Amino acid sequence: IAMVGRAVSRMSHQIEDVLDFVNIASLKLENSSLITVIESAILSTDIPKSVKINLPKNSATIKCDPYRMEVVISNLLKNASQAMEGKGEISIRVLDQKEDVLIEIEDQGQGILQENMDKIFEPLFTTKQSGTGLGLASCISIVEKHGGRISVRNNPTVFTVQLPKVPKNVKLEEKQIEKQIPNE
């Protein structure tokens, strides 16, 4: 029964990766506290107890699709945990700037091989036996839909998600578009 449960979990994860990558649905923007999104991502991510997560000391409120941003944070946390082979510390920082917010996720893993740095955001690229190669590609897609950017640096490995506090030129859900049109 345990083997079936793990297989179902693995298949569900792979299906979610594919759907997050190919999903071109519009965003459901709302004012969201980043600490709430981060905490929700932590709860929904399978992180070993031997991994300590250092939460940010501050937060910021941005207009985003909280579910989609949770997917981004969850993917980055899962990758960080796997890079450390399930033990160590992950530090999350929120840097509140004038028009943007930066979310940094730093791990204590071995780092990313230099020859892979240019490929890690490409669809279907993976260095893992069980990975789909869509996790980081999904992250970049979601972040770009919000008008943001994602980058990585090594030694230590830090993924940085830069998001505008108020996204511009994004595809909104129909109900939100209707609310933005003034009544005549």
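Structure values in brief
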{"item": "Highest average packing first - 90-96, 43-49, 60-66, Cβ atoms within 10 Å", "result": "60-66, 90-96, 43-49"}
{"item": "Packing rank of 70-79, 158-167, where each peptide gets the mean count of other beta carbons within 10 Å, highest leading", "result": "70-79, 158-167"}
{"item": "Nearest-10 value in Å² for the accessible area of Arg149, using the 1.4 Å probe", "result": "150"}
{"item": "Evaluated at q = 0.16 Å⁻¹: base-10 log I(q)/I(0), Debye formula over Cα of segment 41-85", "result": "-0.48"}
{"item": "Distance (nanometres) between label positions extended 7 Å along Cα→Cβ at Ser33 and Val4", "result": "4.1"}
{"item": "Amide hydrogen neighbours beyond the local backbone of Ile90, cut-off 5 Å, H modeled", "result": "Lys52, Ile53, Asn54"}
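The values are calculated or read from the model by the stated rules, or taken from the named source; none is laboratory data. This one's a predicted model, so the numbers in the text were calculated from it and none came from an experiment. For neighbour counting, all protein chains shown are included, and Cβ atoms are generated from backbone atoms with ideal geometry for every residue, glycine included. The accessibility values were calculated without ligands, DNA or RNA, using every heavy atom of the protein model including side chains. Shrake-Rupley method; radii C 1.70, N 1.55, O 1.52, S 1.80 Å.
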